[in-house]
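The values are calculated or read from the model by the stated rules, or taken from the named source; none is laboratory data. The structure presented is a predicted model; accordingly, all values stated were derived computationally and were not measured. Virtual Cβ from ideal backbone geometry, glycine too; neighbours counted across all protein chains shown. Note: areas computed on protein heavy atoms with side chains; ligands, DNA, RNA excluded. Shrake-Rupley method; radii C 1.70, N 1.55, O 1.52, S 1.80 Å.
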Amino acid sequence: RPPEDEEEEAEVGWQEKLFSQFEVDLYLNELVCQTPLDRQYHEEIRKLEKAGGRKNCRIFTYTDHDRFTNLEELCQKVTDSDHEVPSYLAERMANVRRRRQDRRPVELSSLKSKIITWEPSEEFIKNNHVINTPVQTMYIMGDLGPYGKLGHREYEHVLCTIKVDGNGVITVKPDFTGTKGPYWIELDGEKREVWEYTIENASAQVQPEEEEREQRMFRDLYGRHRDYLNGLVGSEFEMPLPGTLRLFVNGEIASAQGYEYDNLYVHFFLELPNQWSSPPFQQLSGVTQICTTKKVGWDKVAYFCYPFTVEMFYTLEDEGVLPQWPVLYFEVLSLDFWQRYRVEGYGSLVLPASPGTHVLTIPTWRPVELGTVAEMRRFFIGGSPELEDLTYVRVPSTFKGKRLSRFGFRTETTGSVTFRLYCLQQSKAFLESSALRQRMQSVLDRLGGFSQQSSVYNVLEAFQRARRRMQEARESLPQDLISPSASSM
């Protein structure tokens, strides 16, 4: 090749059309020009030919109105697999041009609109299903064909993609070269040619006065957006009453593993002890979907990923009594093809007393009967011994005695269920913690919003058990051994 043809430099403006050799050969023929854009390109190329031909050789562009831009967006892949099959949604959305959608003006009434639309219409869902930000695209291309054989589509390669959306954000891919060195394009051919190219920002630098004006405009825009969000949220922030704790639990039943049968689902409910309450609309129970297990190592795991949200209030009435925390009871069941359901296990979970993220794996058990008849019944017709009261997993709610005996109750250890709990606590004691350090605090405040309640409660409970055992041992001894006269003799 001649040395002067080995290097080319071109300065390209936004949406500036530089024709390739293929387009020059194509649009010179007036018979192939069918659309108004084709006829416009035909006239422009004729003027270029009269003026001495195009100045560019290998570098050319495709603007937002060219066919290449439409085809390039339709052919984009979601994964890096060579055997990718487009999904139903991808095929239906392939004809939607994001840049062609007109942005609707923001009405003044939107400031009073709600953040959440509880009953969306079909038109609302259709308009908001796809991000409708208008985008204009431009491709800077390179014809990397052999010398003297330009104009073949198979040698066209994208050097740079520039996109500008309706918000004024400019995206350049790949980025400006800077100090990183040139980009490489290696061709698949006999000679394995390697082309190097750089991308530089040739726009004029912004003047300090214009940059300061732009910063003021951004500050004004962000200030109006902040006022808009404050208008949606409001200035009233509800605080719980003194001596009241609000507990939010964003939970997730993550998975269940180690069970005998497949197609598992979990039924759960939350029991609130005394002095605990919940809003009237709050749902304290739920059932997950039926999930098929997956082989992971030696276990069969069912991934539910079932979310639930609970809001509760605790009201302090007696400072001398430590609070009891809500308990989450659950049972794991299985359902097969013949609609036979079986109880796979029971379990319970005391909600964590400290705020934050907690990942808990709770083992379960199920009641069993002796003999092979019960197991045959469970296998062939389904059904198994089950609890009438799910609170029997711990202390039943109907139990009023001092001692609970489970002697003779036969159980079998089964699998386990994994929970993810995100706990948030809100209390006025958190805001007044600095002032409460200087005076006597209540039990609720001393516990710091129950962050240390579990450890304190366990210590006091162990002390009460040791004290009861000491009293029982003292009562069982003969009186003459503990009397002063017996010790003197």
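For this structure, a couple of remarks:
- Where THR293, THR315, THR137, THR361 fall by accessible area, highest first, once all protein chains stay in place (1.4 Å): THR361, THR315, THR293, THR137
- Environment charge at TYR346 (Cβ cut-off 15 Å; Lys +1, Arg +1, Asp -1, Glu -1): -3
- Among the chymotrypsin sites (Phe, Trp or Tyr not before Pro) within segment 381-430, those in coil by DSSP and having at most 13 neighbouring Cβ atoms inside 10 Å are PHE399, PHE407, PHE409.
- For the set LYS400, LYS180, the ranking by accessible area, highest first and with no ligand, DNA or RNA atoms included, is LYS400, LYS180 under a 1.4 Å probe.
- Area of THR244 that stays accessible when all protein chains are in place (1.4 Å probe, Å², to 10): 20
- Neighbour net charge for VAL301 - beta-carbon separation under 9 angstrom, K R +1, D E -1: +2
- Net charge contributed by nearby residues that have their C-beta within less than 10 Å of GLY142 (K/R +1, D/E -1): -2
- Looking at segment 218-293, the chymotrypsin sites (Phe, Trp or Tyr not before Pro) that sit in a DSSP loop and have at most 12 other Cβ atoms within 10 Å of their own Cβ are PHE237, PHE281.
- Sparse packing (at most 10 other Cβ atoms within 10 Å of the Cβ) combined with a DSSP loop state is found for the following chymotrypsin sites (Phe, Trp or Tyr not before Pro) in segment 337-375: PHE337, TRP338.
- Computed lengthening from MET239 to VAL206, 0.36 nm per intervening residue step minus Cα-Cα distance: 7.0 nm
- Rounded to whole numbers, the Karplus 3J(HN,Hα) couplings from phi for segment 57-68 are 10, 9, 8, 8, 9, 10, 8, 5, 9, 7, 5, 4 Hz, using 6.51 cos²θ - 1.76 cosθ + 1.60 with θ = phi - 60°, and x at Gly and Pro.
- In sequence order, calculated HN-Hα J values of segment 354-369 (Karplus, 6.51, -1.76, 1.60; Hz; x Gly/Pro): 9, x, x, 9, 9, 10, 10, 10, 9, x, 10, 9, 9, x, 10, 10
- Each residue was assigned an accessible area with a 1.4 Å probe, and for VAL206 the value is about 80 Å².
- Cross-link reach is defined here as a Cα-Cα straight distance under 13 Å, omitting same-chain residues fewer than 8 places apart; for LYS55 the aspartates and glutamates meeting it are ASP5, GLU8, GLU9, GLU11.
- Nearest-10 value in Å² for the accessible area of ARG67, using the 1.4 Å probe: 130
- Largest accessible area first, the residues TYR147, TYR139 order themselves as TYR147, TYR139 under a 1.4 Å probe with ligands, DNA and RNA left out.
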